[in-house]
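Trainee: I am attaching a structure below and will ask some questions about it afterwards.
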Amino acid sequence: MHLHSGEQHVHAPVTPMEFRPDMRLRFLGLWLGQPTVIAAPIPSSDRLARAMASQVDTTSAGRIVELGGGTGVITAALLDRGIDPNRLVVVEANPELHCWLQTQFPGVCILCGNAFRLRGLLRKNGLWESGTACTVVSGLPVLPQSRAMKHRLLGDCFDLLGPQGTFVQFTYGPTAPIGPELLAARSLQTRRVDFVWRNFPPASVWCVMRHRLQQAA
Ligand SMILES: C[S@@+](CC[C@H](N)C(=O)[O-])C[C@H]1O[C@@H](n2cnc3c(N)ncnc32)[C@H](O)[C@@H]1O
């Protein structure tokens, strides 16, 4: 249950994943079936989820979009930061995880679909409005994707984000999610804002934003 009044809502603490052994086991099973799509054998740790959620500026207006919601640890961390569930849209491709997320977060808009086709998916659901989102938080497996896929993902996300908007992505290990060439092509910059050892695998948290000079123009 989510109790809230404006942004100061109180989110009933979501049960930590440690107490949901069945779902963790199921996640492992899904990973064994589709290792490149699920990307990790166990869900993100609470530490990583909090590190990702901490990058959202809760004073900014606009929608927050989470890509690759999985078991919902990051969704829970976002809600625990006091974000109004009505501002949150979560996209998950796996139908079983989508169903799980819907049962866990009844007040949040959870879409089942391909986040690498974000524009079409949001349009189909009447949720596409250029420049209106403040943050995109992504747990998608971005590193193994082709340049074209990353290019389209960034295009969709930065069309959706307002001028000060941020794309937050974690990667396993130290590698940046987007290479310098692609960043330059879109006048974007990135920086690693955190490294979380207490995750399996250990993960870097990256923020991608428009180049400062472009923002000032
Ligand atoms: C590394 S997991 C992270 C999940 C979540 N943060 C957690 O810890 O439970 C990646 C998630 O992205 C989802 N995913 C992969 N490709 C996707 C796509 N094209 N569109 C939407 N979701 C996708 C997977 O199904 C998986 O749930």
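Trainee: Restricting to the stretch 180-190, what's the tally of residues that are touching a residue at least 12 places away in the same chain (Cβ under 8 Å) and under 16 Å from V142 (Cα atoms)?
Mentor: The number of residues fulfilling the criteria is 3.
Trainee: Now for a separate question. Sort out which residues of the stretch 68-77 are within 6 Å of the ligand (Cβ to nearest atom), within 9 Å of the chain's Cα centre (by Cα) and outside any loop (DSSP other than H, G, I, E, B), and write them in order of number.
Mentor: Residue satisfying the conditions is I74 alone.
Trainee: Mind listing whichever residues of the stretch 56-67 are within 13 Å of the chain's Cα centre (by Cα) and more than 14 Å from the ligand (Cβ to nearest atom)?
Mentor: Scanning the stretch 56-67 gives V56, R63, I64.
Trainee: Next question. Answer with yes or no whether P177 is of a type outside the set (F, W, Y) and either in a strand (DSSP E or B) or more than 16 Å from the chain's Cα centre (by Cα) (or both).
Mentor: Taking the combined requirement at face value, the residue does not satisfy it.
Trainee: Of the residues that make up the stretch 101-117, is at least one within 22 Å of F200 (Cα to Cα), within 14 Å of the ligand (Cβ to nearest atom) and part of a helix (DSSP H, G or I)?
Mentor: The answer is yes, given that some residue of the stretch 101-117 is within 22 Å of F200 (Cα to Cα), within 14 Å of the ligand (Cβ to nearest atom) and part of a helix (DSSP H, G or I).
None of the figures in this text is laboratory data; all of them are computed from the coordinates on show. What you are looking at is a predicted structure, and each value in this text was computed from that prediction instead of being measured. Glycine gets a Cβ as well: all are built from the backbone with ideal geometry, and neighbour counts include every protein chain shown.
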